[in-house]
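**Q** Attaching a single structure in structure tokens format; questions to follow.
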Amino acid sequence: SFVQVLYLLYRGELPSKDQEKLLESLMIALINPGPRHGATRAAMNAGVGKTLPVHILPIATSVLGGDYLGGGEIEPAIRFLRKHTNKDPALIAAQLLEADSLKDESIAPGFGRRYGGIDIMTCSLADKLCQLRAASDGLHWGAAFSAELNKHGMGWLPTGLAAAVFTDLGFQPKYGGPLFQLIGAPGLIAHGMELANKPFTAMPFVPDENYVIED
């Protein structure tokens, strides 16, 4: 299968059935970053701007490689999980909350706020992935850590979820960012191509009454 070959390329061996199921489930969950993600907006802007179709994905994945909700956060998130999975998640959460200034909505790599609160969808996805048999220390510790953060309006981010799965599957940290970009690529193409032959007015602009201009 595609997932088996992907795993083979980056791990040098075929996955077990349980590992294959975990990776496939993550890939389905994150295949579309969604229309609010900066990378998707880049794809949409490129498409509606009559960019050549073959250039839409490189433009969008460069944004998906960024440090905020992007591939640039995956390696630090994997290293964060590896460093803390033998520690009490409640204690780590308390220490971070005490020192936190919450820059960029993130309290730790892969964890924080999204749009001002808990990323409910990602937390729900994490609960489902934790039930799979290949789920191990990364996902289970991350779930306990996220539960502590939930009490303060924070929790899993998509980058943290991806990092936890990559950790449990044994991927090296440096592979995390590119894999995250690869997983989200189909959704970026879909959003960009949807607008490729449409006028600028097809873009989902925010209604005028919802714009706020601060003095």
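**Q** Classify region 1-57 as rounded, prolate or oblate, taking a ≥ b ≥ c as the square roots of the eigenvalues of its Cα gyration tensor: rounded when a/c is under 1.5, otherwise prolate if a/b is larger than b/c and oblate if not. Could the numbers behind the result be given before it?
**A** Working: a/c = 4.43, a/b = 2.30, b/c = 1.93.
Judged from the Cα gyration tensor, region 1-57 comes out prolate (a/c at least 1.5, a/b above b/c).
**Q** Identify all lysines with a Cα-Cα distance to LYS50 below 22 Å; exclude those on the same chain that are fewer than 8 residues away in sequence.
**A** Here the lysines satisfying the reach criterion relative to LYS50 are LYS198.
**Q** Separate question: Once you have the Cα-Cα distance between MET203 and ASN150, take 0.36 nm times their residue separation minus that, and quote the gain in nm to one decimal.
**A** Details: separation 53, 0.36 × 53 = 19.08 nm, distance 3.39 nm.
Gain on extension, MET203 to ASN150, equals 15.7 nm.
**Q** What is the Cα centroid distance between region 143-168 and region 1-61, reported in whole angstrom?
**A** Answer, in whole Å: 20.
**Q** Would you mind giving the three semi-axes, in whole Å and largest first, of the ellipsoid equivalent to the chain according to its Cα gyration tensor?
**A** On the way: eigenvalues 179, 116, 35 Å².
So the equivalent ellipsoid measures 30, 24, 13 Å along its semi-axes.
**Q** Whenever you get a sec, compute what percent of the accessible area on region 158-205 sits on carbon and sulfur atoms (1.4 Å probe).
**A** Working: 1260 of 1960 Å².
The nonpolar share, carbon plus sulfur, comes to 64 percent.
**Q** When a/c is below 1.5 the answer is rounded, else prolate if a/b is larger than b/c, else oblate, so apply that to region 52-158 with a ≥ b ≥ c taken from the square roots of the Cα gyration tensor eigenvalues. Working shown, then result.
**A** Values: a/c = 1.90, a/b = 1.50, b/c = 1.27.
Prolate, because a/c is 1.5 or more and a/b exceeds b/c.
**Q** Could you order the peptides 37-45, 132-140 from most to least packed, using the average number of other C-beta atoms within 10 Å per residue?
**A** Values: 37-45: 21.7, 132-140: 18.2.
Output ranking for 37-45, 132-140: 37-45, 132-140.
**Q** Gain in length, VAL54 to ARG36, computed as 0.36 nm per residue apart minus the alpha-carbon separation, to one decimal in nm?
**A** Values: separation 18, 0.36 × 18 = 6.48 nm, distance 2.23 nm.
Length gained between VAL54 and ARG36: 4.3 nm.
**Q** Whenever you get a sec, compute what percent of the accessible area on region 61-118 sits on carbon and sulfur atoms (1.4 Å probe). Write out the running numbers ahead of the final one.
**A** Working: 1510 of 3020 Å².
That share works out to 50 percent.
**Q** For region 166-174, what does the Karplus curve 6.51 cos²θ - 1.76 cosθ + 1.60, with θ = phi - 60°, yield as ³J(HN,Hα) per residue in whole Hz, taken in order and with x for Gly and Pro?
**A** 4, 4, 5, 8, x, 6, 5, x, 5
**Q** Any idea of the accessible area per residue across the chain, 1.4 Å probe, to the nearest Å²?
**A** Working: 11280 Å² over 215 residues.
So the chain comes to 52 Å² accessible per residue, rounded to a whole number.
**Q** Which lysines have a Cα less than 26 Å from the Cα of LYS151, not counting those fewer than 8 places away in the same chain?
**A** Qualifying lysines at Cα under 26 Å: LYS83, LYS87, LYS103, LYS128.
**Q** Continuing with this model, one more query. Amide H neighbours of ARG114 under 5 Å, counting only residues 5+ apart in sequence or on other chains, H built in-plane at 1.01 Å?
**A** ASP119
**Q** What 222 nm value per residue comes from the helices of the chain, counting each DSSP H run with n ≥ 4 as -39,500 (n - 2.57) and dividing by all residues, nearest 500 deg cm²/dmol?
**A** On the way: 10 runs with 127 residues, N = 215.
Rounded to the nearest 500, the figure is -18500 deg cm²/dmol.
**Q** Count neighbours as other Cβ atoms within 10 Å of each site's Cβ, and list the chymotrypsin sites (Phe, Trp or Tyr not before Pro) in region 112-154 that are DSSP loop with at most 15 such neighbours. Intermediate values should be presented prior to the final figure.
**A** On the way: sites: TYR115, TRP141, PHE145; in loops: TYR115.
For chymotrypsin sites (Phe, Trp or Tyr not before Pro) across region 112-154 that sit outside H, G, I, E and B with at most 15 neighbouring Cβ atoms in 10 Å, the list reads TYR115.
**Q** Considering every Cα-Cα pair within region 135-215, what fraction, in whole percent, is farther apart than 21 Å? Could you put the intermediate results ahead of the total?
**A** Details: 1837 of 3240 pairs.
Percent of Cα pairs beyond 21 Å in region 135-215: 57.
**Q** Under a point-charge model restricted to the Cβ atoms of Lys and Arg (+1) and Asp and Glu (-1), what is the dipole moment magnitude of the chain relative to its Cα centre, in debye to the nearest 20? Show your work: numbers first, answer last.
**A** On the way: 18 positive and 22 negative charges, 120 e Å.
Once rounded to the nearest 20, the dipole reads 580 debye.
The values are calculated or read from the model by the stated rules, or taken from the named source; none is laboratory data. Just so it is clear, the model here is predicted, and its values are computed rather than measured. For neighbour counting, all protein chains shown are included, and Cβ atoms are generated from backbone atoms with ideal geometry for every residue, glycine included. With ligands, DNA and RNA removed, areas are computed over all heavy atoms of the protein, side chains included. Shrake-Rupley method; radii C 1.70, N 1.55, O 1.52, S 1.80 Å.
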